Structure formats: C-alpha cells, structure tokens
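What follows is a single structure, written as structure tokens, with notes after it.
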Amino acid sequence: MHSLIEQTRFGDRALRGIRRTSRIITAGGTCSAVTPLLVLFMLLIGGCTGGEYGDLEAYVQDVKSRQKGHVAPLPEVKPYETFAYQAHAQRDPFLPLVTAVEGLEAPDVGRKREALEQFDRDALKYVGQMQKQDDNWALVKAPDDTVYKVQVGSHLGRNHGEILAISESDILVEETVSDGAGGWTKRKAALKLVE
C-alpha cells in the first residue's frame, strides 16, 4: 500500500511539472493537453538533425564533383547530289519489255465451264483409264475425292486447259494463260498416272 501512495505522489509531481512547462511556453495563455506532446516531439526532431549524415553528404559531393561524360559530336551530313537522266535515246524503263503477241485470241469466257475447271491442274490426279470400242476415257480424281470421267476435248484446271490426248501413262493438256503484257499464250502440261 505504501508503494502505491508513493507512485501516486510521483505521478502528481510529474503532472504539475508538465503544467508549469506548458504555462511557460504559452506565455500566460491557456494550456492544452497537446502542448506538452508538441514540445516533446520538437525536441526529438531537433535531435535528428545532428551530424550523423556526414558520410552521405560527402558521397553526394564526391559524385557531383566527378567529370561528366562526353558525347561525340554528330557526323557531318554530306549534301545530296542530284542525278540527271541523260539516256533519252534508250528504252524507257517504265514501259513493258514484252509487247503483246498479235493473233492469239483470248479464251472463250462465255463457254459453260466444266466441273474440273474449278480446281487447279496441280490438285487433280489421273487415277485410271477406260476404253470402249473407239472411245478412250480418263478417270480424274478431284481434291474433294470425287472421280470424274473425261475425254479428249474436255476442259480442266483454272487456266482454260483442254485435253489434247489420253494415254496409259498421262493426259496431255494445253492451257491458255495470260502473258502479262495484255496478250495470251499457250503452254502444254501433263497429268501423270498415279498408281
């Protein structure tokens, strides 16, 4: 019990001391409970501004005093030299090299197209041959796995191909293709028998 009374007396003395300090700071004004805490906080902050960051400040000064990097100057830009085209007597480079062949007619686009003309010639396969008396038929398999029966004069492929001959080993086809200069040209190709 005796120690409890002493602690209470000590607490009263400390409280009286804080009140006196706050009266001095406020210079005769009214004292609030925040003022003693504010004084304590100011003392703590003031203690942090000591010279304990001297090594950091020295490092910053050292970095600032170092020699700055050097950027190489831009290279000199050479002036553009123009070129005058002096070959007026030579062929114009913007005209086509090949002129259209006269006399070869375009394929008949009004003709009713046959079933095998919807496929590329390279996608078609010659899979067999049938013969009845003088009629010779070839069996051609399309990419959709449908087998078609064709004969000489039938058309196949997207390049206006016409069958010229059918043999046991291949089908000879003549295609009419654009020559790229506004005209048309004929080329021969063959479908080999697939075994």
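Side notes on the structure shown:
- Lone qualifier among VAL77, VAL98 - being outside any strand (DSSP E or B), modelled with pLDDT of 90 or more and within 40 Å of the chain's Cα centre (by Cα): VAL77
- Taken over the stretch 80-95, the criterion of being farther than 23 Å from ALA181 by Cβ, within 40 Å of the chain's Cα centre (by Cα) and either in the same structural domain as ALA181 (by TED's automatic domain parsing) or modelled with pLDDT under 80 (or both) is satisfied by TYR85 alone.
- Some residue of the stretch 108-119 being farther than 13 Å from ASN159 by Cβ, among the aromatic types (Phe, Trp, Tyr) and surrounded by 15 or more Cβ atoms within 10 Å (Cβ to Cβ): no
- In this structure, TYR53 qualifies as surrounded by 10 or more Cβ atoms within 10 Å (Cβ to Cβ), hydroxyl-bearing (Ser, Thr, Tyr) and either at pLDDT 75 or above or in contact with a Gly (Cβ under 8 Å, 6 or more places away or on another chain) (or both).
- Residues satisfying the stated conditions in the stretch 120-132, i.e. within 14 Å of GLY157 (Cα to Cα) and among the hydrophobic types (A, V, I, L, M, F, W, C): ALA123, LEU124
The values are calculated or read from the model by the stated rules, or taken from the named source; none is laboratory data. Here the structure is a predicted model, which means the values were calculated and not measured. For neighbour counting, all protein chains shown are included, and Cβ atoms are generated from backbone atoms with ideal geometry for every residue, glycine included.
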